[in-house]
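Below is one structure, written out as structure tokens; comments come after it.
The values are calculated or read from the model by the stated rules, or taken from the named source; none is laboratory data. Everything numeric in this text was worked out from a predicted model, so none of it was measured. Every residue, glycine among them, receives a Cβ derived from its backbone with ideal geometry; neighbour counts consider all protein chains shown. Areas reflect the complete protein model, heavy atoms only, side chains present, ligands, DNA and RNA absent. Shrake-Rupley method; radii C 1.70, N 1.55, O 1.52, S 1.80 Å.
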Amino acid sequence: MFNLVHISDLHFGREVPKVINGLKDILGEIQPERVIISGDLTQRAKHEEFSNAAHFLQSLNIPFFIVPGNHDLSAHRLIERFAYPWRKWKKYISTELEPLYTNDKYMVIGANTARRMGWYLDWSRGRINQYQVNNTISHLQNADSTQVRFLVAHHPFWLPAVYEFRHLIGGRDKALSQLSQHGLDIIMSGHVHMSYAEVVEGVIISHAGTTLSDRLIPEQPNSFNRITGDRSHLIIELFEWNGEHFISRKQQHFERTPSGWTRERVVK
Ligand SMILES: [Fe+2]
Ligand SMILES: [Fe+2]
């Protein structure tokens, strides 16, 4: 069994020090073997924000796996955005934008879904292209049958009905159907600052809210997920900030059937 924590949308520049301390406290209790971060590490992609974020990540003393989000591209410094969009990411965080990590229990595949521009006015929207889908499939084909296969991508592959105006990730339908056919188990994402989990085409889509920032939406406190289990049974445990501490709110149990994952029960 593995013991992972999924945090997201840290938005350094809008981080809340008390929540950072609370997260470190609960991670000390949970003792995850790895922390997964699904993008929006910074608020405005500034040097200082990346530097502070990098310092925070190092201070955890836990191996981490990270992909960028749309806020990790500068929205205002357009020469930077178009000419060298990921220079700060590579300087402060990682030389890789689409990392891969694998061990005997699981495989984690990263996809960078933030885009410099698109055929729409809202450039915060993301996309997964066919090259990225093919790349993910080639990793999935190398997985052992018992390895749980995660994809980490910032933008949403599913949204609750009330938040569909936030837009699903571009390329979603084709990508999800192909990834499902090739045995992907879970997609971990952020961007909408909401926590939820849903099963679509036999794939679990699991979102963490904003874990550390004050960029909250109504009825969605700071949150993160703990994911434990194996390739037959997975538990996603939601932790929410209550103003003083992160506390466990619910556990969602999932079972894998011949046709993919299915939600078994929710324990509050
Ligand atoms: Fe965000
Ligand atoms: Fe985002």
How many of the residues in the range 100-120 are of a type outside the set (F, W, Y), farther than 23 Å from I7 by Cβ and either modelled with pLDDT of 95 or more or more than 16 Å from ligand 2 (Cβ to nearest atom) (or both)? 1
Subset of the range 185-201 that is part of a loop (DSSP other than H, G, I, E, B) and surrounded by 24 or more Cβ atoms within 10 Å (Cβ to Cβ) - its residue that is nearest to ligand 2 (Cβ to nearest atom): H191
Hey, among N3, N61, which residue is over 19 Å from G209 (Cβ atoms), more than 16 Å from ligand 1 (Cβ to nearest atom) and touching a strand residue (DSSP E or B) at 6+ places or on another chain (Cβ under 6 Å)? N3
Looking at S177, S195, S248, can you tell me which residue is over 13 Å from W261 (Cβ atoms), small (G, A, S) and within 16 Å of ligand 1 (Cβ to nearest atom)? S195
Confirm whether Y131 is of a type in the set (S, T, Y), within 16 Å of ligand 2 (Cβ to nearest atom) and open to solvent by 20 Å² or more (accessible area, probe 1.4 Å). no
Evaluate the range 202-213: report whether one residue or more is in contact with a strand residue (DSSP E or B) (Cβ under 9 Å, 6 or more places away or on another chain), open to solvent by 20 Å² or more (accessible area, probe 1.4 Å), at pLDDT 95 or above and away from ligand 1 (no atom under 16 Å from the Cβ). no
Anything in the range 167-184 that is open to solvent by less than 20 Å² (accessible area, probe 1.4 Å) and in a helix (DSSP H, G or I)? List them, or say none. A175, L176, L179
Test for L216: is it touching a residue at least 12 places away in the same chain (Cβ under 8 Å) and within 29 Å of I137 (Cα to Cα): no
State which residue pairs qualify: first residue in a strand (DSSP E or B) and inside the range 135-164, second residue within 16 Å of ligand 2 (Cβ to nearest atom) and hydroxyl-bearing (S, T, Y) in any location, beta carbons under 6 Å apart, and separation of 6 or more residues or different chains. V152/S38; A153/T113; A153/S189
